[in-house]
Amino acid sequence: MPSTSRCPIRARSSRTLLRLMLRPVLSVLAVALALAGAPGEIRAQPAGPIALLPLDADARLEIYGQPVASEIARALVAGGVDVVVVGPRMLVPDRAKLIVDGTIRSEKTAVVLTIRVRNPSDGTVLQTLISAAPTLANIDRAAAELSARVLPFVRDKLVALAAQPAPAGPLREPIAPTQPGASARPAIKPVLVGVGVGASASATVEPLRAALAIAAPAWVLEHERPATVVDAAALARATATKTVAESAADRALGFEILAYRVIPGIVPLARARVRVRIAGSSAIVFDRIVVTDTVVGDRAMSAAALAERVAREVLAIAHPHVRRQVVG
């Protein structure tokens, strides 16, 4: 039976929840007006999704690979591009029109981000973009700058691909399994993920929205499901099932931040109320409000780091319900 009770789900045991928390991730800056077209500009709509892979990184920078990729995903989605975020052990979807991947490398004190746009059929590199941060503390700015440069190339390339006539010849034969007698791995359908804020929420929820927008797709990827980042409005109660039905996904996971309160201090505290909605193609299967206990920060903890901890708490509370409905 679908779970749509209005009774909020609350934290039960901090010790139990800690075991369910996701690994810490870097909260990076969102790309805003730089991604939008000029006022009054009309663009052809790109057709088909792109597959976004986690960035390969040096050992000490490995934890930043998925967050930086998630930031690029949000930038592309904001620019009207359909994105499927693919985990490290997942196959690239057959319907992907382009592949975006890259690296994070350290060069003395600097950090260099490199993004490649590739042809999924043969792996040909179509474009390489590089952005350098003078120190690790500036990696968020480098990610934002790189995102702003990736978007126009990807969008224009997709529009050009959509305008090409369909090939007259037969389609390529599927690649045979590498091991004798092995069968092809079945395609895994993506999960739509959207994070938004409630209509009555104040501007103070923004740090939590930014943190949850990264943590939620990462949670889906950790459970070996591709994550497609979508506008949170598409996952509202009135539109969520229609959004799923019209996509290649079989589930949608939406988060609506209703309240986020921070009590500043040497050791900051925070609480949050977040609606979690899970939809299939024909029905809402879960719709409840998650209420955290007071989340205790560390001494002199930054606002972004505290928001990341609260985001992990929200996911930990919702974990059994999301896992049952999304992971199976």
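The values are calculated or read from the model by the stated rules, or taken from the named source; none is laboratory data. The shown structure was predicted, so the numbers you read here are calculated from the model rather than taken from an experiment. Positions of Cβ are backbone-derived with ideal geometry, glycine not excepted, and every protein chain shown enters the neighbour counts.
Just one of (1) assigned to a strand (DSSP E or B); (2) buried (at least 20 other Cβ atoms within 10 Å of the Cβ); (3) of a type in the set (A, V, I, L, M) fails for residue 154. It is (1).
Note on region 183-226: residues that are part of a helix (DSSP H, G or I) and more than 18 Å from residue 324 (Cα to Cα) amount to 13. Restricted to region 273-315, and to residues there that are among the acidic types (Asp, Glu) and closer than 18 Å to residue 216 by Cα, the residue that is surrounded by the fewest Cβ atoms within 10 Å (Cβ to Cβ) is 287. If you go through region 127-149 one residue at a time, do you hit one that is farther than 24 Å from residue 81 by Cα, among the small types (Gly, Ala, Ser), assigned by TED's automatic domain parsing to the domain that holds residue 100 and at pLDDT 85 or above? Yes - at least one qualifying residue is present in region 127-149. Restricted to region 227-303, the set of strands (runs of 3 or more DSSP E) holding at least 3 residues that are under 14 Å from residue 194 (Cβ atoms) and touching a residue at least 12 places away in the same chain (Cβ under 8 Å) comprises 227-229, 251-263, 269-279. Only residues that are of a type in the set (A, V, I, L, M) and within 16 Å of residue 312 (Cα to Cα) were counted in region 260-278, giving 6.
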